[in-house]
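To keep things clear, I will list the structure first and then write my remarks on it.
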Amino acid sequence: MNDYGYYQSIIDNLQKVNETQSENIRKAAELMVAAIKNDRLISVYGGGGHTTLPVGEMFFRAGGLANINPIMETGLSVFNQALKYLELERTVNYGSAILKYYDLQKDDVLIIFHNIGINPATIDAAMEAKKRGVKIIAVSSSAWQTEMPADHFIRHPNKTNLFDYADVAIEDFNPVGDAVVTVPGFDTPIAPASNIVDFYIAHLLEIETVSQCVKQGITPPVWSSANTPGGDEKNADYLKKYRPRVKML
C-alpha cells in the first residue's frame, strides 16, 4: 500500500506539537486543574464543521474528564446538512448567541477548537467568552490565521484571529487547505490532517491535567468505560454530580 506520505505527514505534525507546545499544554492544564479544584465545569466548543468533532471526543469518553461541558451546537456540526452548517459558521452573532445560552461565568474555562480560527462562529464565541471573563484555551493553526487575506470572505468582519482572544494558544500546525496528500496524476489534495492532530492535543490536555491533579493530591473526575463490567457503577457518582449541570448528559 502506498499512502503517498500521509503517515509521515501526520507523524511530523504530531512531533512538532510535542517539540513546541508542551509549555502551552502545561499552562492550559493548569487552568483545567484549577477548574477541577474549584468544582467548575470545563466547557469545550468547536467553531464549525469538522472542528466540532474534538468536542465529542472529549465528552463522556472512557478515560476522559467527567466535568467536560460540551457546547454542542448541532447547527454548526457535521450532523447538520453540510451547506447549512457552512452558512451558519459564517454567520455573525451566531457564536455569541450560543455562548450566551450556556451562560459561562468569570474564570470558567473554555476550550475552543477551530484550526482555521477566523470565521464568525469562532470569533463571536471567543469575544463573548472574553467579555464574560472566561479563560480561553484556543487550539488552532497560525498558518490559516496569518496566511488568509484580511478581506477573505470567511473572516469575521473585525478581521481578528482566534489566538487574539486566547489566554493559552495551542498550535496544531494545520496547513492551509488541511489535506496533505497529492496523488500523482490527480491535482486536488486529499487526506486531511487536522482532526487526528486535534484529537491528540485534546488527549494531551487530559493527560497533563490528570497528572497535575495527582501531583497536587486532587482526585480528577474521570469516566470509566460504560461498556466494561462495573463501568456503569463506577460512573454513577459522576452522573449524579454532573447530570444536573451538564446540558448534554
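The values are calculated or read from the model by the stated rules, or taken from the named source; none is laboratory data. All values derive from a computational prediction rather than experimental measurement. Positions of Cβ are generated from backbone atoms using ideal geometry, with glycine treated the same way; all protein chains shown enter the neighbour counts. Just the protein is used for accessible areas: all its heavy atoms, side chains included, with ligands, DNA and RNA removed. Shrake-Rupley method; radii C 1.70, N 1.55, O 1.52, S 1.80 Å.
Classify the range 72-179: rounded, prolate or oblate, from the alpha-carbon gyration tensor (a ≥ b ≥ c, eigenvalue square roots; a/c under 1.5 rounded; otherwise prolate if a/b is larger than b/c)?
It is oblate, given that a/c is not under 1.5 and a/b is not larger than b/c.
For the range 75-134, which chymotrypsin sites (Phe, Trp or Tyr not before Pro) pass both filters: DSSP loop (anything but H, G, I, E, B) and at most 13 other C-beta atoms within 10 Å?
Answer in residue order: 79.
How about the range 1-46: which chymotrypsin sites (Phe, Trp or Tyr not before Pro) there lie in a loop by DSSP and see at most 16 other Cβ atoms within 10 Å?
Those that pass, being in a loop and sparsely packed, are 4.
What trypsin sites (Lys or Arg not before Pro) in the range 168-249 are in a loop by DSSP, with at most 16 other Cβ atoms within 10 Å of the Cβ?
Qualifying residues, ordered by number: 245, 247.
How much FRET efficiency would the formula 1/(1 + (r/R0)^6) give for residue 90 and residue 219, where r is the Cβ-Cβ distance and R0 is 35 Å, rounded to 0.05?
0.25
Which whole-number percent gives the relative contact order of the chain, counting Cα pairs below 8 Å spaced six or more residues apart?
24
Residue 105 to residue 186: FRET efficiency via 1/(1 + (r/R0)^6), r the Cβ-Cβ distance, R0 51 Å, to the nearest 0.05?
Using R0 = 51 Å, I get an efficiency of 0.50.
Compute the helix-to-body angle for 231-242: its Cα long axis versus the longest principal axis of the chain, expressed 0 to 90° and rounded to tens.
90
Hey, in the GNM for the chain with a 10 angstrom Cα cutoff, which one of 125, 28, 191 fluctuates hardest?
191
Determine the relative contact order of the range 68-179: mean sequence separation of Cα pairs under 8 Å and six or more apart, normalised by residue count, in whole percent.
Relative contact order here is 25 percent.
Angle check, please: helix 6-20 long axis (alpha carbons) against the longest principal axis of the chain (alpha carbons), in degrees 0 to 90, nearest 10.
60
Just to confirm the number: angle between the C-alpha axis of helix 120-131 and the first principal axis of the chain, 0 to 90 degrees, nearest 10?
Between helix and principal axis, roughly 40 degrees.
With a 1.4 Å probe and all protein chains in place, put 223, 144 in order of accessible area, largest first.
Ranked list, largest accessible area first: 144, 223.
Please compute the net charge surrounding residue 17, taking Lys and Arg as +1 and Asp and Glu as -1 over other residues with Cβ under 11 Å from its Cβ.
That works out to -4.
Using just the C-alpha positions of the range 1-119 as equal point scatterers, what log10 of I(q)/I(0) does the Debye formula give at each q in 0.10, 0.18, 0.20, 0.21 1/Å?
-0.39, -1.09, -1.21, -1.26
Calculate log10 I(q)/I(0) of the chain for q = 0.15 Å⁻¹, where I(q) comes from the Debye formula with a single equal point scatterer on each Cα and nothing for solvent.
Each listed q corresponds, in turn, to -1.07.
Arrange the residues 203, 50, 156 by how much accessible surface each exposes, largest first, with a 1.4 angstrom probe.
The residues order as 50, 203, 156, largest area first.
With runs of 4+ DSSP H residues as the only contributors, calculate the mean residue ellipticity of the chain at 222 nm using -39,500 (n - 2.57) per run, divided by the residue total and rounded to the nearest 500.
The helix-only estimate for the chain comes to -13000 deg cm²/dmol at 222 nm.
If you count only protein heavy atoms with a 1.4 Å probe, what accessible area per residue comes out for the chain, rounded to a whole Å²?
48
Given a 1.4 angstrom probe, I'd like the percentage of the accessible area of the chain that is carbon and sulfur, rounded to a whole number.
Carbon and sulfur: 55 percent of the exposed surface of the chain.
What number comes out for the charge environment of residue 29, summing +1 per Lys or Arg and -1 per Asp or Glu over other residues with Cβ under 10 Å away?
Overall, the nearby charge balance is -1.
Once label points are set 7 Å from the Cα along Cα→Cβ at both residue 179 and residue 159, what is their separation, rounded to one decimal in nm?
With each label placed 7 Å out from Cα toward Cβ, I get 3.1 nm.
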